[in-house]
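A short write-up of the structure that comes next.
The values are calculated or read from the model by the stated rules, or taken from the named source; none is laboratory data. Source: prediction; values computed, not measured. Note that each Cβ is placed from the backbone with ideal geometry, even for glycine, and that neighbours are counted across all protein chains shown.
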Amino acid sequence: MRILYFDCPTGISGDMCLASLIDLGVSVEKLKKELKKLNLSGYEIKVTRENRGAVNGVRFKVRSSETHPHRTFKDIKNLIERSGLKKDVKELSVRIFTNLAKAEGKIHGISPLKVMFHEVGAIDSIVDIVGASIALNELDIDEVRASAIPTGSGFVDTMHGRLPVPAPATIEVLKGVPIVPSLIEMELTTPTGAVILKTVSKGFGKMPAMTVKNIGYGLGGKDFRETPNALRAVIGEADASKESSVIVIETNIDDMTPQTIGYLLERLIKQGALDAFITPVQMKKGRPGFLLTVLAGEKEKDKLTEIIFRESTAIGVRHYRAARTCLERKIARVKTPLGLVRVKVSTLGDEIINIQPEYEDCKKIAEKKKLPLREVMDEVKKKYCKK
């Protein structure tokens, strides 16, 4: 499994994130070519190699002639969705801006769709977020993780006036993420950097066990005396067949209809559960009931627990950490006479154990071509095996 780990000793901003990915090998020319698909003009990208203390890395800067950097979330969403960018890049970019709009909306007490982005609506922030989405897509990462985040201290001047650090949007975005203090009195983590990391990272903490393959450094604009102002991005290979852990959330239910339980399971999966299922059980006084079991990452535990409370009759849940062993998995894209299909490939060492075509891709082809679904899936498997 290919892991990207962000080590953030001096926080993270959008430009530092993108700079670190460029230092990992993302082509600047390819990045510029993809960004042109946004149909966004009035800016220039400058990429340089510089030093921060003893660390050499990449500095990414966007120079813009824009004088009124104000855009609504709806404006930015439309800009991205109408672009010629890849589907995966569009989806990630919109997801990042959606998370930021939700945070801003909560702070100002308005709907996310009505949020007016000021600094984050500027061209440089749009380029940082969409550029990071393009770069992550190019690096073909299976999982992103990050360290705890130092936010800095003091005050920062914004379009809303002078605000304490971390800025309200930053700390709202970072709810559920471990943050750590810093002696440096300035804004170390910006809303843009925070929302990119919160959206893409599966977990926060120490660097996972992996074999390091590549390292990139993204430099900030300031040169601190205390420590190099550099974000470190590390790519490594981890054996996903080794033991890892998962959070198990459970509760017993005996007073819900099958329809509402079905809806609950759908919501849990859509909101990030690794799996969610029910098991028939016999409860006290001989009553038939269900055991609801949800498997989740640490980051999703609180969100999924809230969904259980809101969408079920449960008044309490149990949760515990369980060890699990997984095969290494990757997503391959297979061109077939029927169309392009994603395939989940599971391996044990160098041996392929399982090949599973993506259901939704095959379903669309089956409906469009009026073919049996099983026939489509068999054709995709045969095509992959001939590669």
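Can you name every one of the strands (runs of 3 or more DSSP E) wholly within segment 110-211 that holds 1 or more residues which are under 18 Å from residue 89 (Cβ atoms)? Filter on segment 110-211 gives 143-146. Residue count for segment 27-43, restricted to those that are free of Cβ contacts under 8 Å to residues at least 40 places away in the same chain and either part of a helix (DSSP H, G or I) or under 13 Å from residue 131 (Cα atoms) (or both): 5.
Report, by residue number, each residue of segment 66-81 that is outside any strand (DSSP E or B), in contact with a helix residue (DSSP H, G or I) (Cβ under 9 Å, 6 or more places away or on another chain) and surrounded by fewer than 20 Cβ atoms within 10 Å (Cβ to Cβ). Matches in segment 66-81: 66, 69, 70, 74, 75, 77, 79, 81. Exactly one residue out of 334, 294, 341 is among the aliphatic types (A, V, I, L, M), in the same structural domain as residue 279 (by TED's automatic domain parsing) and surrounded by 14 or more Cβ atoms within 10 Å (Cβ to Cβ): that is 294. Within segment 297-323, restricting attention to residues that are of a type in the set (D, E, K, R) and surrounded by 12 or more Cβ atoms within 10 Å (Cβ to Cβ), the residue that is farthest from residue 246 (Cα to Cα) is 311.
Residue by residue through segment 283-310, note down the ones that are part of a loop (DSSP other than H, G, I, E, B) and in contact with a strand residue (DSSP E or B) (Cβ under 8 Å, 6 or more places away or on another chain). First the steps, then the outcome.
Quick first cut of segment 283-310, residues part of a loop (DSSP other than H, G, I, E, B) only: 283, 287, 297.
Within segment 283-310, 283, 297 qualify.
Residue 255 meets each of the listed conditions (1) assigned by TED's automatic domain parsing to the domain that holds residue 9; (2) in contact (Cβ under 8 Å) with a residue 40 or more places away in the chain; (3) of a type outside the set (Val, Ile, Thr) apart from (1).
Which residue out of 12, 3 is of a type in the set (A, V, I, L, M, F, W, C), at pLDDT 95 or above and crowded, with 16+ Cβ neighbours inside 10 Å? Only one candidate qualifies: 12.
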